[in-house]
Amino acid sequence: MDQSRIRNFCIIAHIDHGKSTLADRMMEMTGTVQKRDMKSQLLDSMELEREKGITIKLAPVRMQYKGNDLNLIDTPGHVDFSYEVSRSLQACEGAILVVDASQGIQAQTLANVYLALEANLTIIPVLNKVDLPAADVPRVSKEVINLLGCDESDILKISAKTGEGVPDVLDAVVERVKPPLGDMAAPTRALIFDSYYDDYRGVILYARVVDGTIRKGDTIQMIATGADGLALEVGALSPIMKSESDIGTGEIGYIVTNLKTTRDARVGDTITVKRAHADSPLPGYQHVKPFVYAGFFPVSNEEYNDLKDAVEKLSLSDSALQFEPENSPVLGFGVRIGFLGLLHMDIVRERLEREYNLDLVVTNPSTDYQVTLNSGEEIDIKSASELPVVTKIAEIREPWINGEIVVPSEYIGAVIQLIVSKRGLQKNLSYIDERALISFEAPLANLLTDFYDQLKSVTSGYGSFNYELSGYKPEDLVRVDFYVAGEMVDALSVMAHRSESQGLGREIVKKLKDVVPRQSFQVSLQAGIGGKFIAREDISAYRKDVTAKLYGGDVSRRKKLLQKQAKGKQRMKRFGKVDIPSEAFTVMLKRD
């Protein structure tokens with residue numbers, strides 16, 4: 001294909017502003033997909049994506065329009081996958097910015113616009129859902145003009161659902177987006193912007209060729225990981241795979257390889273070929289690091305091997321997933337898994353339960369901490385139970401984030417209160433028309449459990465939130481342990497700031513009281529820091545009325561029988577073991 005007739009572009013937007021629906025209409029209008037094969041959100045192939053209505057895995061598609069090759073990448077909108085989005089943007093020259101005409105600009109719209117501007121893309125602003133009665137085109141147009149500094153005439157008004165205005169978007173892509181630059185004769189370099197594992201074919205890479213060509217049968221090498229492989233098949237996706245003899249400079253296509261795991265071909269890596277080997281990689285590759293960790297345990301220990309196999313299979317297709325075996329005296333054997341964020345964790349949990357039929361107990365999610373020991377040694381801990389003895393620790397550092405919240409201005413006070421309650425610091429406040437953009441810093445651990453839900457409730461559902469990791473800061477952190485009937489349950493231990501530890505201990509002990517079942521002896525629930533107790537609740541024993549068979553008689557006989565019963569219970573208490581139900585381990589997630 002002649003390079004001047006290629007256009008590479010992507011669609012960026014906040015969740016639910018109509019990215020996938022616009023992609024559907026484009027494929028219909030360019031005849032890429034026959035009417036009979038069409039279904040809504042065609043590019044969202046996973047059952048979970050269709051159910052939740054979000055894009056989890058991005059998907060490229062090639063369309064023919066007026067003699068041009070249009071390569072579209074449908075990107076995920078969620079903050080957990082922002083690295084994937086940034087790689088997809090690197091593979092394009094243009095971006096269609098979709099804004100919902102009834103909701104206006106949201107936090108992720110902003111985040112993705114900044115990424116697109118950093119990548120020097122041509123941005124085409126599009127207002128979607130103009131056919132809805134709630135659409136406020138003049139107000140939202142003003143917001144977009146303020147954000148991008150464009151003219152009113154640059155903004156396209158469409159309805160992706162009915163197809164109104166979509167041909168104008170295709171024309172705008174051809175007119176405004178620059179064709180790819182690249183050197184056909186230079187050593188081959190291609191950017192991997194996604195990779196997944198197919199059970200029957202091995203690892204399949206989605207790549208954008210920057211220089212040179214990749215032919216079928218070439219020996220390929222990944223520059224960052226150093227892995228070698230073969231290009232068994234190359235071609236383009238018009239949603240289905242169409243194999244070709246090669247993919248050339250500026251084109252976006254797929255490569256079927258003989259690699260065994262996506263760890264060998266990570267997103268952002270550079271592919272080169274043996275016959276035209278390049279030495280310098282393309283810029284911007286990062287090693288993606290998980291920063292939310294949770295323990296996954298099977299409900300019965302016989303299922304441990306099934307869980308391990310399932311996690312190994314999942315990690316073949318998700319290179320961001322990191323896991324290691326974990327053992328807990330209460331829960332038995334399990335796996336500790338690292339995720340990119342809470343949505344990522346939710347999706348992995350659902351996939352394990354659905355696709356592999358597992359019953360799981362998931363412990364409270366925590367983040368990782370950097371610990372410096374007195375000896376000067378640095379260690380990384382992923383769960384509170386790994387923390388060394390307090391006397392050996394010089395300092396503990398926890399991850400902080402830079403966050404941005406976009407809300408209607410009447411909710412500013414409530415949002416700032418929420419940020420302060422999470423030990424956060426508000427840094428900046430600016431306005432986009434009637435909306436406020438609040439920038440803040442906060443410790444990640446405090447936002448893990450239910451920050452998003454609380455934000456939605458204090459802003460009546462209008463607040464939107466986006467964040468990125470900023471670094472680690474030393475803080476006065478302690479480990480809060482929980483004891484049930486005098487025995488420490490390590491799977492419940494959490495890291496907390498000293499100023500918040502007492503309140504947290506009380507709150508969790510209260511919640512445990514509701515979930516731990518009553519026994520025939522009294523059970524104490526305690527929270528402690530380093531052996532010093534800070535909170536306690538007691539679950540009273542079932543009381544059997546041993547005096548029922550007394551008719552009349554002296555009160556001393558009644559007391560005698562009750563004392564005898566109490567003695568028996570004390571004896572039971574010594575041997576008694578308490579069964580802790582699985583809900584106790586997710587007690588942190590359910591705040592109310």
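Here are F297, F323: which of them is in a strand (DSSP E or B), more than 27 Å from D264 (Cβ to Cβ) and among the aromatic types (F, W, Y)?
So the residue among F297, F323 that is in a strand (DSSP E or B), more than 27 Å from D264 (Cβ to Cβ) and among the aromatic types (F, W, Y) is F297.
Which one of the conditions (1) basic (K, R); (2) in a strand (DSSP E or B); (3) surrounded by fewer than 17 Cβ atoms within 10 Å (Cβ to Cβ) does R208 fail to meet, given that it meets all the rest?
(3)
Here are the criteria: (1) in contact with an Asp or Glu (Cβ under 9 Å, 6 or more places away or on another chain); (2) over 25 Å from Q3 (Cα atoms). Tell me which single one G202 does not satisfy.
For G202, the exception is condition (1).
Could you figure out which of (1) under 16 Å from V288 (Cβ atoms); (2) without any contact (Cβ under 8 Å) to a residue 40 or more places away in the chain isn't true of I381?
(1) is the only condition that I381 fails.
Among the numbered criteria (1) under 30 Å from G531 (Cα atoms); (2) under 16 Å from the mean Cα position of the chain (by Cα); (3) not β-branched (V, I, T), which single criterion is violated by Y369?
(2)
Residues are listed down the side, and each one gets a yes or a no for (1) surrounded by fewer than 16 Cβ atoms within 10 Å (Cβ to Cβ); (2) modelled with pLDDT of 75 or more:
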site	(1), (2)
G486	yes, yes
V509	no, yes
E537	no, yes
S556	yes, yes
A566	yes, yes
K573	no, no
V587	no, no
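Select from region 324-334 the residues that are buried (at least 20 other Cβ atoms within 10 Å of the Cβ) and closer than 13 Å to Y293 by Cβ and write down the one among them that is modelled with the lowest pLDDT.
Taking the candidates together, the pick is E326.
Residue pairs, Cβ under 6 Å, 6 or more apart or interchain, first in region 554-568 and within 20 Å of Q519 (Cβ to Cβ) and in the same structural domain as Q522 (by TED's automatic domain parsing), second in a helix (DSSP H, G or I) and at pLDDT below 80. List them.
So the pair list comes out as Q565/V546.
Can you find, within region 407-446, the residue that is surrounded by the fewest Cβ atoms within 10 Å (Cβ to Cβ) among those that are of a type in the set (G, A, S) and under 19 Å from E500 (Cα atoms)?
Here the residue is S421.
With the requirement that a residue be aliphatic (A, V, I, L, M) and either touching a Leu at 6+ places or on another chain (Cβ under 8 Å) or not assigned by TED's automatic domain parsing to the domain that holds E500 (or both), what does region 528-541 give you?
I539
Return yes when R139 is over 22 Å from P408 (Cα atoms), touching a Gly at 6+ places or on another chain (Cβ under 8 Å) and in a helix (DSSP H, G or I) and no when it is not.
It is false that R139 is over 22 Å from P408 (Cα atoms), touching a Gly at 6+ places or on another chain (Cβ under 8 Å) and in a helix (DSSP H, G or I).
Of the residues A294, A265, A276, only one is in contact (Cβ under 8 Å) with a residue 60 or more places away in the chain, surrounded by 15 or more Cβ atoms within 10 Å (Cβ to Cβ), at negative phi and over 26 Å from the mean Cα position of the chain (by Cα); which?
Details: A294 fails: over 26 Å from the mean Cα position of the chain (by Cα); A265 fails: over 26 Å from the mean Cα position of the chain (by Cα).
Only one candidate passes the filter, namely A276.
State all residues of region 12-31 that are within 26 Å of D246 (Cα to Cα) and under 24 Å from the mean Cα position of the chain (by Cα); if no residue qualifies, say none.
Passing the criteria: only A23.
From the residues in region 342-361 that are surrounded by 20 or more Cβ atoms within 10 Å (Cβ to Cβ) and either outside any helix (DSSP H, G or I) or among the β-branched types (V, I, T) (or both), which one is farthest from the chain's Cα centre (by Cα)?
Among those that are surrounded by 20 or more Cβ atoms within 10 Å (Cβ to Cβ) and either outside any helix (DSSP H, G or I) or among the β-branched types (V, I, T) (or both), it is V361.
Restricted to region 1-48, and to residues that are small (G, A, S) and within 21 Å of I347 (Cβ to Cβ), which residue is modelled with the lowest pLDDT? I'd like the intermediate steps shown before the answer.
First, pick out the residues of region 1-48 that are small (G, A, S): 4, 13, 18, 20, 23, 31, 40, 45.
Now drop any that are not within 21 Å of I347 (Cβ to Cβ), which leaves 13, 20, 23, 40, 45.
Working: A13: 81, S20: 77, A23: 83, S40: 54, S45: 49.
Looking at residues that are small (G, A, S) and within 21 Å of I347 (Cβ to Cβ), I get S45.
Of the residues S375, S366, only one is of a type in the set (S, T, N, Q), crowded, with 19+ Cβ neighbours inside 10 Å and touching a helix residue (DSSP H, G or I) at 6+ places or on another chain (Cβ under 9 Å); which?
Sole residue among the options that is of a type in the set (S, T, N, Q), crowded, with 19+ Cβ neighbours inside 10 Å and touching a helix residue (DSSP H, G or I) at 6+ places or on another chain (Cβ under 9 Å): S366.
The values are calculated or read from the model by the stated rules, or taken from the named source; none is laboratory data. In this text the structure is predicted, and so the values were computed from the model without any measurement. When we count neighbours, we look across all protein chains shown, and the Cβ atoms used for this are built from the backbone with ideal geometry, even at glycine.
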